[in-house]
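Chemist: My structure is below; once you've seen it, I'll send some questions.
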Amino acid sequence: MWHFNRSTIAAVLLLGTLLPARAQLGFLKPDALVSQYAGSIGQGSIGAGYTIFNKKGNLDLVYGYVPKAAGGVDHIATIKTAVRPWKIPVSPQVAVYPVNPGLFATWHFGADYDLRFDEAQYPNNYYWWSPALRLHLAVSSELRIKLNKRESSDRAIALYSEFNTNDLYAVSWWQNRETVSFFDIVRAGVGLRIYF
Amino acid sequence: MTRTSLLLLVFFILSGCGKLEYSPNQSFDRNSPVALNKTNINRLLQTPGDDTIRFILGGDTQRAYDNTSAFVASANRVPGVDFVVIDGDISDFGLLLEMEEVHERLSKLSVPYIAVIGNHDLVSHGETVFKRMYGDLDFSFTYKQVKFICHNTNSREYKFNGRVPDLDWLGNALHDPGYFVSIGHVPPVSGDFDQALRPHYTKLLRQHPRMLANLYAHTTKTEVLPAESENDSPMMTTGGINMRMYSVITLVNTQFSVKHVAF
C-alpha cells in the first residue's frame with residue numbers, strides 16, 4: 001500500500017502544481033503528450049511534455065507504474081530534460097533526431113523509499129545513497145512525422161527509443177571496469193510523443 | 001517512402017538492442033533465476049563426497065564484481081571443496097541488477113553455492129528480489145549428517161523489533177539429534193544485531209553442545225572471536241570478497257578447522 005511520508009506528499013504536490021490546471025495559465029499547457037514503455041520510469045508511463053530551448057529541447061513530467069506481476073509495485077514520478085542538437089530531414093514531413101542527450105530524475109514512492117535513510121534507525125551515513133531519488137543519464141533517437149504540412153504547425157507524432165543508466169549503476173560500473181562493460185549498465189525504453 | 005520505411009526499421013531494431021527496464025527497483029525480469037538455494041542444495045545433496053566436509057565461506061560481494069570474478073577463479077583452485085556459502089551483502093543497494101551480476105559470476109563456481117541474506121540486501125526492494133532469486137531468509141539443510149542453519153541476523157533493518165533473529169524458528173531448527181553449523185551475516189557482537197536477543201541467541205547456538213561452528217561476515221575483518229564462556233563453540237567472521245578475503249572451513253570427525261585466504 002501507499003506510504004504517505006512527508007517527502008512523498010511534497011513530491012506529489014510539486015508534480016500536481018506543475019501540471020496544467022486552467023487554460024488561463026497558458027504557459028502551463030503542455031506542448032506534447034508523452035507515453036513510454038519501460039526505460040526505467042515504469043512498465044508504462046504517461047506525462048506532459050514542454051518544448052524548451054527554442055524547440056530544441058524538452059522538459060517532461062511523467063508518472064509511471066510497475067504492477068506486481070511485472071516486478072513491482074512501483075509508482076514513479078519523473079522529471080526529464082533532453083536536447084535535440086541534430087535534425088536529419090527525411091522528407092518534407094519526416095525528420096529524424098538521431099542523438100538526443102538528456103538527464104532525468106526519478107522519485108520512487110512507497111514505504112521502502114525516502115530521500116534519505118531514517119536517521120532514527122541508522123547512525124549517520126550508514127547508507128550513503130538516496131533510496132527514493134535516482135539520477136539518470138540518457139540518450140534518445142526520435143523519428144518525427146508532421147501531421148500538418150504547414151510550417152507554422154507543430155502538430156506531429158514521434159516515436160523514440162531511449163537508453164539510460166543511473167547513478168548507482170554508474171558507480172558500480174566505474175569501480176569494476178575489468179569485468180563490467182558500460183553496456184551492462186545501459187537500459188532501454190521506447191515511447192511515443194504527440195505534439196499538439 | 002521507402003527511405004522512411006527503412007529508417008523506421010532501423011529505428012525499431014536499434015530500440016531492441018538495449019535491455020528493457022521498468023524500474024531499477026523491479027524485483028525480477030524475464031531472465032531472472034528463481035529458487036537458487038533450493039536448486040543448489042539439491043545439487044549438493046546428490047554429490048557423493050567423502051567423510052570430510054570442506055566449504056568456502058565468503059561474504060560481501062557487494063559492488064565488487066571484479067573481485068567476485070577473481071574469487072571464483074581462486075575458489076575453483078581449492079582442492080576438495082564441497083560447496084560455497086556467500087554469507088550476505090550479495091548486493092550493495094538491494095537492486096536486481098546487482099544480484100544478477102553477482103550470480104552470473106558465482107554460477108561459474110565448480111561447486112554449488114548458497115546465499116545468506118545480508119543487511120544491504122534488505123534495502124529498497126532487495127528482500128523481494130532475494131526471496132524470489134534465492135529463497136527463504138531462514139533455511140537449513142543437512143549435509144553428511146551436519147545441519148547447516150542459515151538465518152537472518154540483520155536486526156537493524158527491522159528496527160530491532162525482537163523478531164530478527166527468529167529465536168522460535170532457531171529453537172525448532174535445533175531439534176535434530178546431530179551436529180550443527182550456524183551461519184548468519186551480522187555477528188552477535190555487532191551493534192547491528194539485536195542485543196536484547198543476544199543472551200538467548202548465544203545460549204541456543206554458540207553454547208549448544210553439538211554446535212560445531214558459528215560463522216558470520218559483515219565486519220570486513222577476518223577474525224576468530226574469542227570464547228566468552230567455557231561452553232562456547234568456535235565463532236568467526238570472514239573479511240569479505242570485496243576485501244579479497246575468504247575462509248576455507250574443514251569439518252572432520254566434528255573437528256572444526258579454518259584456513260584464511262587472501263586472493
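Taken together, the values in this text are just the output of simple stated rules run on the coordinates, not laboratory data. All values reported here derive from a predicted model rather than from experimental measurement. As a convention, Cβ positions derive from the backbone with ideal geometry for all residues, glycine included, and neighbour counts pool all protein chains shown.
Chemist: What distance in nm lies between label points placed 7 Å from Cα along the C-beta direction at A:Ala105 and A:Val90?
Modeler: 3.5
Chemist: Using the Kirkwood radius built from alpha carbon pairs, what does the Stokes-Einstein equation give as D for chain B at 20 °C and 1.002 mPa s, in µm² per second?
Modeler: D = 111 µm²/s.
Chemist: Helix A:6-18 against the longest principal axis of chain A: what's the angle in degrees, Cα atoms only, rounded to the nearest 10?
Modeler: With both axes taken from Cα atoms, the answer is about 10 degrees.
Chemist: Separate question: Testing the spin-label approximation: label points 7 Å from Cα along Cα→Cβ at A:Phe196 and B:Phe160. State their distance in nm.
Modeler: Roughly 5.5 nm, to one decimal.
Chemist: May I ask for the angle, rounded to the nearest 10°, between helix B:36-45 and the longest principal axis of chain B, with both axes built from Cα atoms and the value confined to 0 to 90°?
Modeler: Computed tilt is about 50 degrees.
Chemist: Whole-Å semi-axes of chain A's equivalent ellipsoid, largest first, each the root of 5 times a Cα gyration tensor eigenvalue?
Modeler: Those come to 32, 22, 14 Å.
Chemist: Tell me whether the stretch B:131-178 comes out rounded, prolate or oblate; compute the Cα gyration tensor, take square roots of the eigenvalues as a ≥ b ≥ c, and use a/c under 1.5 as the rounded threshold.
Modeler: Oblate, since a/c reaches 1.5 and b/c is not below a/b.
Chemist: If exposed GluC sites (Glu not before Pro) are those in a DSSP loop with at most 14 other Cβ within 10 Å, what is the longest stretch of chain B that has none?
Modeler: B:1-227
Chemist: Which aspartates and glutamates, if any, have their Cα less than 19 Å from the Cα of B:Lys147, not counting same-chain residues under 8 positions apart?
Modeler: B:Asp50, B:Asp51, B:Asp82, B:Asp87, B:Asp136, B:Asp138, B:Asp166, B:Asp168, B:Asp176, B:Asp232
Chemist: I've got another one for you. Taking only DSSP H segments of four or more residues, each worth -39500 (n - 2.57), what value at 222 nm results for chain B once the sum is divided by all its residues, to the nearest 500 deg cm²/dmol?
Modeler: -7500 deg cm²/dmol
Chemist: Of the beta bridges DSSP finds with both residues in the stretch B:179-263, what % are antiparallel, to the nearest 5?
Modeler: 60
Chemist: Students often check this: by mean Cβ neighbours within 10 Å, which of B:58-71, A:108-121 ranks highest, and how do the rest follow?
Modeler: B:58-71, A:108-121
Chemist: Calculate how steeply helix B:2-15 sits against the longest principal axis of the alpha-carbon atoms of chain B, using the helix alpha-carbon long axis, and give the answer as 0 to 90 degrees to the nearest 10.
Modeler: The angle comes out at about 10 degrees.
Chemist: For the stretch A:77-196, what does the relative contact order come out to in percent, with C-alpha contacts under 8 Å and a separation of six or more?
Modeler: Over the stretch A:77-196, the number comes to 22 percent.
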